[in-house]
Structure formats: structure tokens, C-alpha cells
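Step one of this worksheet: look at the structure below.
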Amino acid sequence: GAGVSQSPRYKVAKRGQDVALRCDPISGHVSLFWYQQALGQGPEFLTYFQNEAQLDKSGLPSDRFFAERPEGSVSTLKIQRTQQEDSAVYLCASSLIEGRVRGNQPQHFGDGTRLSIL
Amino acid sequence: AQSVSQHNHHVILSEAASLELGCNYSYGGTVNLFWYVQYPGQHLQLLLKYFSGDPLVKGIKGFEAEFIKSKFSFNLRKPSVQWSDTAEYFCAVNGYDMRFGAGTRLTVKP
């Protein structure tokens with residue numbers, strides 16, 4: 001497809017379960033970002049990849065959050081031992097060229113995965 | 001620390017009214033500025049962006065924004081809104097990293 005694809009669209013899990021969220025960026029996009037968007041808030045940065053390298057994970061809220069992009073395309077955000085406060089929409093975005101810090105390329109967003117922890 | 005502030009949480013307008021949504025940021029260095037829109041049930045989409053040059057930038061669907069460096073502002077404007085502009089609008093600033101404002105929900109009454 002032409003856009004960023006995320007799956008699943010909705011995920012409901014019981015507290016304590018592990019979840020995995022998938023992101024397919026736009027083909028050829030070097031940079032990939034994960035954001036967490038709580039209800040009524042703007043997206044909050046979680047982590048950034050340039051190709052397969054995770055260059056910044058400073059936004060990950062705890063060591064229960066883990067992201068990977070092993071082949072520089074598809075990325076997975078994993079949350080272990082989920083807690084209720086993890087309930088949010090998780091957004092993935094990609095951009096064409098490198099440089100989150102220098103970034104003047106707009107980010108293209110997926111539809112997000114709405115995660116609900118019961 | 002870098003931050004983005006959107007002053008209006010919810011704006012309600014009638015069709016044909018003029019729109020201005022405020023956005024202020026705090027960051028001492030060079031920034032790139034964006035406005036994104038999220039229509040109900042859809043993903044975030046880029047409305048317009050400013051990197052350099054003319055501080056008045058025009059985007060899609062008749063939107064424009066003006067970068068005023070001295071005020072650290074990047075307000076979004078549209079002369080005449082339509083019902084289809086009902087959406088959530090996010091200002092974003094890419095300085096050290098990408099930061100989003102909390103969003104402004106715009107409701108346009110037909």
C-alpha cells in the first residue's frame with residue numbers, strides 16, 4: 001500500500017499479558033518513529049529507528065517496552081506485563097530520509113493501534 | 001526543555017466563520033514546524049509545514065500558517081471554514097526532537 005500500515009487496529013488485553021504491535025512503513029522510508037497518544041493528548045515520542053538501528057529510545061516509559069526493526073523495514077513494538085496505564089493509541093510514523101534531529105521531512109502516520117488493558 | 005502549547009482545547013464555529021488556532025513553542029534553536037490534522041476515524045495527515053523562507057506558508061484545503069519567530073508562534077488560519085473541517089488539529093515542532101501539542105478539536109456547525 002501507499003501509506004503506513006499498522007496492525008492490529010484494536011487490541012484488548014488483560015493486565016499482565018504481553019502484546020506486540022506491528023508497523024509497516026512506507027517502502028523506502030529510512031526513518032521510523034513510534035508514538036503513544038493518550039486520550040485527549042497529542043502524540044508522545046517513544047522511540048526512533050534509522051533503518052535497523054534504534055538511535056533513540058529515550059521516550060520508552062519503562063523497560064517493559066521494547067521495539068525492534070531487524071531488517072530496516074517492518075517494526076514491532078512489544079509491551080510486556082501490560083498495565084492499565086499502557087492503554088492508549090500507539091502511532092507509527094515514517095519519513096523518507098534520516099535525521100530526527102535534523103528532520104525537515106514530514107512524518108507519515110499510520111492509523112494507529114488502540115490498546116485497551118483491562 | 002522543548003515544549004509545544006496549543007491554547008484552545010475545543011473550538012466551535014459556524015460554517016464560513018474565520019479560524020485561527022494558536023500554537024506556541026519553547027526551544028532556543030532552529031525549528032521545523034508542522035500542522036497535522038486528524039479527521040474522525042482517520043490517521044494524522046500533514047496540513048502544512050515550515051522549514052525556512054517566507055514565514056507565511058500555505059497548505060492544503062485553504063489553510064495557512066504564519067511563523068512569528070519573535071513570538072515563538074505558528075498559528076493556523078483559514079478565512080472561511082467548512083463543515084468538513086471538523087477534526088482535531090495538532091501543532092508539531094521538530095527542534096531537538098519532534099514534539100506535538102495536545103491538539104485542538106474543531107467543530108464546525110453547518
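The values are calculated or read from the model by the stated rules, or taken from the named source; none is laboratory data. Source: prediction; values computed, not measured. All accessible areas refer to the heavy atoms of the entire protein, side chains included, with ligands and DNA or RNA removed. Shrake-Rupley method; radii C 1.70, N 1.55, O 1.52, S 1.80 Å.
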Taking every Cα atom in the protein assembly as shown, find the radius of gyration and the maximum pairwise distance Dmax, and write them in Å.
17.5, 52
Kirkwood radius from Cα pairs of the range A:5-96 plugged into Stokes-Einstein at 20 °C, 1.002 mPa s, gives D in µm²/s equal to 161 µm²/s
Sequence of A:24, B:85 when ordered by accessible area, the most exposed leading, probe 1.4 angstrom
A:24, B:85
Going from most exposed to least, what order do A:57, B:49 have by accessible area with a 1.4 Å probe?
A:57, B:49
Accessible area per residue in Å² at 1.4 Å probe, computed on chain B:
48 Å²
Sorted largest first, extent of chain B alpha carbons per principal axis (Å)
42, 26, 21
Checking buried surface per residue: for the range B:80-105, which residues lose a minimum of 50 Å² accessible area in the protein assembly relative to the chain alone (1.4 Å probe)?
B:96, B:98, B:100
Report the extension gain between residue B:80 and residue B:105 in nm, rounded to one decimal, defined as 0.36 nm multiplied by the number of residues separating them, less their alpha carbon distance.
7.3 nm
